[in-house]
Amino acid sequence: MHSPETAPQSVVDTVITNGTLVTETAMFAGDIAIHEGRIVAISSPGFAPPAARVIDATGRMVLPGCIDVHVHFRVPGMGHKEDWQTGSQAAAVGGVTTVFDMPNTSPATATPEDLAAKAALAEAASIVDFGLYGLLGEQNLDQIDALAAAGVIGFKLFLGNTTGDLPCPSDGAVLEGFEILAELGLRCSIHAENSPILFWRQKALQAAGRTDAMAHLAARTDIVAVEALNRAATLAEWTGARIHIVHESCARSLPHIRWWKSRGVDLTVETLPQYLYLSAEESLLPGGHVLRMNPPIREAAHQAPIWAGLTDGSIDMIATDHAPHSIAEKQADRLAPDSIWNVACGFPGVETSLPLMLTAVNDGRLGLPDVVRLMAGAPARAFGLSHCKGSLTLGADADIVLVDMKARAILRADKLHSRGKVSAYEGREVTGLPVLTMLRGMVVAQDGAPVGVPGTGRHLRPIMPSPAPRNCDTTLRAVTATDRPAFGDPFWLQQHFATTRTGFHRPATP
Ligand code: NCD
Ligand code: ZN
């Protein structure tokens, strides 16, 4: 027995003290103790255990690190646009501690070998944790199970054409892909634009001589998004596949989203700061062509409904679609492009998303707990990371961002840590900045500078709820299985009619 005077005091690695902790539901004064990379205590101010290192967060908001489920870090194949060192540095400076990288690299992430090669690049260079998407394509349906076993965070389906020109799978292939994914329980992120319609219109616009910025929007007009969303949700409902609509830009999609959710489809939706803040009208201003992206930034009238969607439950999360290109590819060195069709689609975003959303809080559009839900909690829940990411909870990874809600900055392309020195927000003022970013207890960015050691980031694997496949008796696997019961035998009839609702002529149990 130790006397009280001699009892050994536990000493944790780090305590963050005197800050205001922000969760999805509350803000309160508190201290956080961190040991071996995890949160081990949350206490009233001054009640945390003794620590080897104390970080004074007086005047700071303390948030869980942001999770960005949609970035393009470009390697392998397009390292002149971005790589894991520059991309993850941009993320860390922006308060983002976990990113999910898209598979439209070169080669695309279509096999376990592709995945392993990309994971090696990320593991060697990243200063934030990461998930990697596998491609759901027509040519690699036989790789889906192996990609899942190899640890993809989810799959990505390009229904609409975009950077990388990955072909849109046929509806038959999408249905088969969803059947497979439904049994695995992994989520499929979907670029929901209708490729045949957008190509048809783009060709006609080009033939008519349209080269202005609005022609891009005209090719990808609202129905291009609304149709693809509804087709994807129809197949998801039938199969029980979990889906996520990336970069929702269209106010007209919102009632459809609410309807599919009300039907019980496991559908999550992200929007991006650029759809909240920027408009197609601005793309007509000098230099406005850099706003070209897919789906297009739409007319300003779309903004208010999308803002409303962030708090009414139709939109679940904020991502960035961080999509850097070189200055030449964006034709960002000129005031007007030779033709909008020659301007690369997309621009960087991972470093500016949290400042833009904190600005929205300062403007009274959202509460800080909303930002925590939209940028940390909801992405973790949707993609099976709640056991370690997305919240300030005991046992969770100590992925933490300290925010100064009063700090101001003018956004400038040449200050971005991304390799893509093009900003859609050039000259815009933001109020509210991340001032310290911690990944599993390690400081990876401070006062606008990355300080993490390349190679710190870890490859994350999801833990999803149990799969909930539907209409299993009609899947291609079921109807082509070699060991399926012979057509017409009593067992086949029983199986078949027991699982269809119109089961008349149901045979008696043998
Ligand atoms: C993205 C890119 O460049 O990879 N571009 C874009 O315009 N959004 C691809 C994508 O997410 O569609
Ligand atoms: Zn996309």
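The values are calculated or read from the model by the stated rules, or taken from the named source; none is laboratory data. Note that the structure is predicted; figures quoted are calculated from it, not measured. Note that each Cβ is placed from the backbone with ideal geometry, even for glycine, and that neighbours are counted across all protein chains shown. Side chains included, ligands, DNA and RNA excluded: accessible areas come from the protein's heavy atoms. Shrake-Rupley method; radii C 1.70, N 1.55, O 1.52, S 1.80 Å.
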- Close pairs (7 angstrom Cβ cut-off, 6 or more residues apart or separate chains): among the aliphatic types (A, V, I, L, M) in segment 46-60, part of a loop (DSSP other than H, G, I, E, B) anywhere: Ala51/Val11; Ala52/Val11
- Does segment 409-429 contain at least one residue that is over 30 Å from Met78 (Cβ atoms) and of a type in the set (Ser, Thr, Tyr)? no
- Item | Unique residue being under 17 Å from the mean Cα position of the chain (by Cα) and crowded, with 17+ Cβ neighbours inside 10 Å when the list is Val361, Val290, Val343, Val372 | Val372
- Item | Filter pass, Thr271 being in the same structural domain as Gly384 (by TED's automatic domain parsing), open to solvent by less than 20 Å² (accessible area, probe 1.4 Å) and closer than 23 Å to Ala323 by Cβ | yes
- Message: Condition check: of a type in the set (Asp, Glu), within 15 Å of ligand 1 (Cβ to nearest atom) and closer than 26 Å to Thr98 by Cβ. Does Asp316 satisfy that?
- Response: no
- Message: Residue under question is Phe155, and the condition is that it be touching a Gly at 6+ places or on another chain (Cβ under 7 Å), within 25 Å of Val403 (Cβ to Cβ), within 15 Å of ligand 2 (Cβ to nearest atom) and in the same structural domain as Pro369 (by TED's automatic domain parsing); does it hold?
- Response: no
- Tell me which residues, restricted to segment 50-76, are within 16 Å of ligand 2 (Cβ to nearest atom) and part of a strand (DSSP E or B). Asp68, Val69, His70, Val71
- Could you give every pair whose Cβ atoms fall below 9 Å, whose first residue belongs to segment 291-315 and is away from ligand 2 (no atom under 16 Å from the Cβ) and assigned to a loop (DSSP other than H, G, I, E, B), and whose second residue is basic (Lys, Arg) and open to solvent by 40 Å² or more (accessible area, probe 1.4 Å), counting only separations of at least 6 or pairs across chains? Gly313/Arg258; Gly313/Lys261; Ser314/Arg258; Ser314/Lys261
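Residue by residue, here is whether (1) within 18 Å of Leu157 (Cα to Cα); (2) touching a residue at least 24 places away in the same chain (Cβ under 8 Å) holds:
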residue: Ala213; (1), (2): no, yes
residue: Leu217; (1), (2): no, yes
residue: Glu227; (1), (2): yes, yes
residue: Leu235; (1), (2): yes, yes
residue: Arg242; (1), (2): yes, yes
residue: Ser249; (1), (2): yes, yes
residue: Leu285; (1), (2): no, no
